[in-house]
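> Have a look at the structure that comes next, please.
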Amino acid sequence: MSEARIKAIRHKRIRDGEFMCVYCGGIVPSAEPDHMPPRILFSHKQRPNDLVFPSCVDCNRGSSAIDLVISWLGRSYPGSIDPNEREEVKQIGVSMAQNYPEVGSAFYSVQQPSLTATQRASLRGLMTPVSVDDPYVHRCIEFFGAKFGLGMHWRQTGQYVPCEGRVYSQWFTNYMAITGGLPSDLFTVFPNPLPLVQGRMNTASRFEHASARDGNYSTHLAIFGQSFLVLAFVSPHGPEYKFASRGVLECEPGCLKVGYPYGLPRLSEPELQQRFARLQIVAD
């Protein structure tokens, strides 16, 4: 059977509600296929037919801002030399500014983080250091981690994370990687992250993933090229206090339904104007 036929059958089963939504506790029938990571992360939306999860409408639509933000960040560092892809990335940025202005106004600083000569040499011209310090950006990517963890736990265990379950996510930029900010045992736990693969198409330069289990718990890694990575820890039976005590954002099934800006306040027009003014200052 062809890949296209397999994809069509899988998507029909999801739309017909044969599965439950992996993002809201397994209590709502699926209605839409959700691509993890989103197709917009890839040039011309071309990606292998893998990591497609059953989702209800509210969870799928509620995470649209998350998909846009991680795709913009994942495709911006390093920038592509392909003019068509550069135009796609530009349009993603425009869409963020128009639809999610709190995030769209966050990426204003052009000053590079301070690096030692040894750290700069480790870059080898391959990437631009990413150092983002904005609550709206953090919240979107942390919620992506929750979404990723809920989906990957189902894929790995065959079990939906129940409503009492919790997901804890953290993300790390490439700047943290070259300055020693990554967990020391990260690639001991995940020695061989895998790209999505379909025939000659694979996502090795853009996205790789890995998972690990410890009893009922599961942990999942998503690597976005040379830009950033996300860790998601899933506790299916309730809060895990070692994460809560460290201030890591705690999410539960159904959290995506709240929609943007995911628990943070919407900013007023004067506040947004002040944030966007920073962009103009840099441009000048």
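The values are calculated or read from the model by the stated rules, or taken from the named source; none is laboratory data. Note that the structure is predicted; figures quoted are calculated from it, not measured. Heads up, the Cβs are rebuilt from the backbone with ideal geometry, glycines too, and the neighbour counts pull from every protein chain shown. Note: areas computed on protein heavy atoms with side chains; ligands, DNA, RNA excluded. Shrake-Rupley method; radii C 1.70, N 1.55, O 1.52, S 1.80 Å.
> As I understand it, the value is the acute angle between the Cα axis of helix 135-157 and the longest principal axis of the Cα atoms of the chain; what does it come to in degrees, rounded to 10?
That works out to roughly 30 degrees.
> For Trp171, what accessible surface area do you get with a 1.4 Å probe? Give it in Å², rounded to 10.
We get 20 Å² for Trp171.
> Calculate how large, on average over all directions, the projected area of the Cα convex hull of the stretch 181-284 is; give the answer in nm² to one decimal.
Computed as one quarter of the Cα hull surface, the answer is 11.3 nm².
> Quick one: with all protein chains in place, what share of the accessible area of the chain is carbon or sulfur, to the nearest percent (1.4 Å probe)?
C and S fraction of accessible area: 50 percent.
> Which ³J(HN,Hα) values in Hz, rounded to whole numbers, follow from the phi angles of the stretch 198-210 under the Karplus curve 6.51 cos²θ - 1.76 cosθ + 1.60, where θ = phi - 60° and Gly and Pro get x?
8, x, 7, 8, 8, 10, 4, 7, 10, 7, 9, 8, 7
> In addition: For a quick check of understanding: with a 1.4 angstrom probe and all protein chains in place, what accessible area in square angstrom does Arg139 have, to the nearest ten?
Looks like 50 Å² after rounding.
> Which ³J(HN,Hα) values, rounded to whole Hz and listed in residue order, are derived for the stretch 9-20 from phi using the Karplus coefficients 6.51, -1.76 and 1.60 in 6.51 cos²θ - 1.76 cosθ + 1.60 with θ = phi - 60°, glycine and proline given as x?
Working through the residues one at a time gives 5, 4, 5, 5, 4, 5, 5, 7, x, 6, 10, 9 Hz.
> Another one. Taking 32 Å as the cut-off for C-alpha to C-alpha distance, list the pairs among Lys12/Lys242; Lys12/Lys45; Lys90/Lys147; Lys90/Lys257 that go past it.
Pairs exceeding the cut-off: Lys12/Lys242.
> Could you pull out the longest piece of the chain with no exposed loop GluC sites (Glu not before Pro) in it, calling a site exposed if DSSP puts it outside H, G, I, E, B and it has at most 13 other Cβ atoms within 10 Å?
Between exposed loop sites, the widest span is 19-163.
> By how many degrees, 0 to 90 and rounded to 10, does the Cα axis of helix 83-99 deviate from the longest principal axis of the chain?
Between the helix axis and the principal axis of the chain, the angle is about 80 degrees.
> With every protein chain present, what is the per residue accessible area of the chain (1.4 Å probe, Å²)?
Accessible surface, normalised per residue, equals 49 Å².
> Go through Ile40, Tyr262, Pro195 and say which Cα lies farthest out towards the positive end of the charge dipole of the chain; charges sit on Cβ, +1 for Lys and Arg, -1 for Asp and Glu.
Pro195
> If you place +1 on the Cβ of every Lys and Arg, -1 on the Cβ of every Asp and Glu, and leave all else neutral, what size is the dipole of the chain about its Cα centre, to the nearest 20 Debye?
The dipole magnitude comes to about 600 debye.
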